[in-house]
Structure formats: C-alpha cells, structure tokens
Amino acid sequence: MRKTILFRLAWYFIKKELRTALSYRFSFASQGILIFFTLAIFYYLGQWLKEHPLKALAVYGTDYFTFVLLGLAFSNYLTLGLYSLAESIKREQTLGTLEVLQASPLTDRLLLIYLSLSTLLEETLSILFYFLIGIIFFKVEFHSANWTCMIVFVIVTFLVYWGLGMISAALIIFFKKGNPIDFILNGIFVLLGGVYFPIEILPNSLQTLADYLPLTYALHALRMSILQGTDLFSLTKELLILSGFALIFLISGILSVNLAFKKARVSGNLGYL
C-alpha cells in the first residue's frame, strides 16, 4: 500500500512539472538545435585536429570529436544532480509552495527526490539527443560499448552529484539566496575533469588537482566502457573512488538537508524572502 502511494506521488510530481515544461514546447526543439550546433563546432575542430592528433586520446582509441561528445553529454547529465535540487527548492520558494509541500506526509529526502524527477527525465532525453545527433549526423559509432558498465558508472557518479546537490539545496533553504558555489564548483569540474580535453595536457599542478575530482574518474571510466568495451573489473579503481565520493557526499547532503529544514521549521520561515 505504501509503495502504491509513493508511486502515485511520484507520478503526480512528474505530471506537474511536465505540464510546466510542455507549456514551453519551443524549449525542447531549441535544446536539440543547440546540441546540434555545439557538436558541429567540435566536429569541425576535430577535423582540423586530425592533422595534429593528441597522443592522450590513444588510450580511448578514438578521435577528438567523439571524446568531446561523450564529455559534453555526460557532464551535462551529471551536473543535473548538482543543480536540479537547488533549482527546484528555489522555484518552490518563489512560488510560495514549499511550505505546502512540507505539510505533506513526505520525508525531506523523498520531497527532494520527487521535485527533481521531471528534470531527471528531461536530462535523460538530452543525453539521448547527444548520442542520436552524433550517430545520425556525424557518423559516430559505438560498436564496442559495454552499456552495462556505463550504466553502473552513470548511477554511481550521479549519486556523487546528488549528494553535492543536497548540500546546495540546504544552503538555499537556509540562506534563501542563490548559491554561487555551484557555478564555481561546476566550472572547476568542467575545466579540470576532462570534458573538453584530456587532463594529460594540463600542467602537472592542475593534473594533481584533477586527481581529486570525481568527474575525472567518471569520464575516464565512461569513455573506456563505451569506446573500448572495458568491464567493471578492469575499472575497479575508478568504481571504488567514485563510491567513496558518493558515500561521503550523500551522508553530508542528507545531514545538511535535515538540519536546514529543521531550522526553517523552527523559525517558521520556509518561504522565499
């Protein structure tokens, strides 16, 4: 019975958010167009780089364009976990509905999950856009892909970002202001995590810093599983490191959200100011 109620509530939140999203139908088309032109830029850059190949790409057995396509697709998808919770909380605060949602029988964690479900579905479509556009228009091939391994790493890495997202959402609840830390953190991840170029071309000091970023291990594992068909056993190191990140950030995120909601309830000030 409880599971049925939870599924109904999940469907309610998805339907509510999708109604809002579908009222801006042009955004879906514009997203596809934006992805196409973004990939086109890197495709022609990749054509030029064929005359100046990067040795660091040899481990993946691919060209620069495919390297960037996977970096963009997965970094954008994973960043969802960082932004979606905070954006959902800020939106509900602005609309004045956060207090109403808090009056429901949902726990704080379930509320945050439900608020992000529709965004998760939208970004899943986005990553499909990247793959389909790459395959149809730019003739990218993934014949050797180990999709099971890829899915495992997507889930584990998403949990890392989800934990960071809960910390960000807690700051929004507590301070009722935008959180610039997200943009700074995401900028560091994108710059040093290997989204646009292999980290091997960075100075040694920045390579050392990149070794402490979860995105570095995630993108390496995802590229190896898709481009080389590498199995989980061969990527045990990356899996253990990402699992450690996930555990730390999830625990920190849950504690942060519980504390933020508790203080907001005590002050009676869950709304947006």
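Only the coordinates and a few stated rules stand behind these numbers; no lab work does. Here the structure is a predicted model, which is why all the values come from computation and not from measurement. Note that each Cβ is placed from the backbone with ideal geometry, even for glycine, and that neighbours are counted across all protein chains shown.
Annotations for the structure displayed:
- Exposure proxy ranking, count of Cβ atoms within 10 Å, fewest first, for Trp162, Trp147: Trp147, Trp162
- The ranking of Ser88, Ser256, Ser30 from fewest to most other beta carbons within 10 Å of each one's beta carbon is Ser30, Ser256, Ser88.
- Cα gyration tensor, the range 201-253 - rounded (a/c under 1.5), prolate or oblate: oblate
- Residues Ile89, Ile181, sorted so that the one with the fewest Cβ neighbours within 10 Å comes first: Ile181, Ile89
- In nm, spacing of pseudo-spin labels at Ala145 and His52 (7 Å Cα→C-beta vector): 3.1 nm
- For peptides 43-49, 190-196, sequence by mean Cβ density within 10 Å, most packed first: 190-196, 43-49
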